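Worksheet for the structure shown next.
The values are calculated or read from the model by the stated rules, or taken from the named source; none is laboratory data. This is a predicted model, so every value here is computed, not measured. Cβ: placed from backbone, ideal geometry, glycine included. Neighbour counts: every protein chain shown. Keep in mind that these areas ignore ligands, DNA and RNA; they rest on the heavy atoms of the full protein, side chains included. Shrake-Rupley method; radii C 1.70, N 1.55, O 1.52, S 1.80 Å.
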Amino acid sequence: MPKQLVVIDMPAFVEILGKHKEQLHTVYSEEDTDNSSEELSELTRLYRVDRRQRQAIDSCSDELTSFTNAWSLFDGEFRTLRAFCGGLASAFANTATVV
């Protein structure tokens, strides 16, 4: 969710990318992972400088706001970051079979 991303620092995000680089590159190009970092920087900047966007992001509830609704605040911006986060949110923690 954007609300969770604006509080993460770039080194932590880069560390997440690094830990999952091999897996990410099965779906995303290296350019996509670079773009997600750039988009996170832009999202964080927007959160700091735009009071209206900050209030909209802060008003999203983790329990009540859907992933789609939270990202709809940005009119299609941050597409790579959204796709990356959607993939993380829907990925299984391991490869064990679920019965």
* To do: Let me have the 222 nm mean residue ellipticity of the chain computed from DSSP H runs of 4+ only, each contributing -39500 (n - 2.57), with the sum over all residues rounded to the nearest 500.
  => -18000 deg cm²/dmol
* **Per residue accessible area in Å² of the chain, where ligands, DNA and RNA are left out and the probe is 1.4 Å** => 69
* **Gain in span if fully extended, Lys3 to His25, counting 0.36 nm per residue against the direct Cα distance** => 5.4 nm
* Mind checking which of Ala70, Phe84, Gln55 is farthest towards the positive end of the chain's charge dipole, using Cβ charges of +1 (Lys, Arg) and -1 (Asp, Glu) about the Cα centre? => Gln55
